[in-house]
Amino acid sequence: MALHRSLLVFAVVALMAPAISSAMEYVVGGDDGWKLGVKYDDWAKDKQFIVGDSLVFKYKGGSHNVYKVTGDEFKSCTVPSNNSLGSFSGNDTIKLATAGTKWYICGVSGHCDGGMKLKIMVLDGAPAPAPSAASTLFAKATSFHVLLGVIFAIAAVIIL
Ligand SMILES: [Cu+2]
């Protein structure tokens, strides 16, 4: 009986572990990447960014860039005189180190006004339980862990 219970516990842990321990890496804009003509509000709205996650800005090198800006600079599309993010390669990874609202824009003339601006909210620690928690959990779980969890759950049910 103790063995069966431990199998169930293992199944639950296998399903939940990725959501607890794995930092996520988000490609900004998904398959579209970082370019003109993408609604980044829409892309960001169903995502929960947690401290330790990363954003990856993908674009054709030289065509765009990424500046981390303040809320005011975001609103007015003001490009700061120096870029805290360093160089631009077209595959720029930015680690979300602190909680709070973060703003990013493209510094190429006209691009921010053209929609290349991203505003996200970064949360401290694991997300609070919410109606969408199950879908978030599922999205965060790798298929390997899901498979592992399902196998152990089925095994536990058969044995019991
Ligand atoms: Cu641009």
Query raised in the report: Taking amide hydrogens as modeled 1.01 Å from N in the peptide plane, which residues meet the under 5 Å criterion relative to Lys47, leaving out close sequence neighbours?
Result: none
Query raised in the report: Label point 7 Å out from Leu36 along Cα-to-Cβ: which residues of the range 51-68 have amide N under 17 Å?
Result: 59-66
**Report entry** Local electrostatic count, Tyr59, Cβ distance below 15 Å [Lys/Arg +1, Asp/Glu -1]
**Finding:** +1
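Please give the contour-minus-distance gain from Ser76 to Thr101: 0.36 nm per residue of separation, less the Cα-Cα distance, rounded to one decimal in nm.
Values: separation 25, 0.36 × 25 = 9.00 nm, distance 1.65 nm.
Fully extending the segment from Ser76 to Thr101 adds 7.3 nm.
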Query raised in the report: What net charge do the residues around Lys35 carry, taking every other residue with its C-beta under 13 Å from that of Lys35, with Lys and Arg at +1 and Asp and Glu at -1?
Result: +2
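Quick note: the coordinates plus some simple rules give every number you see, no bench work behind them. Only a predicted model underlies this, so the values are computations on that prediction, with no experimental measurement involved. Reconstructed Cβ throughout: ideal geometry from the backbone, glycine too, with neighbour counts over all protein chains shown.
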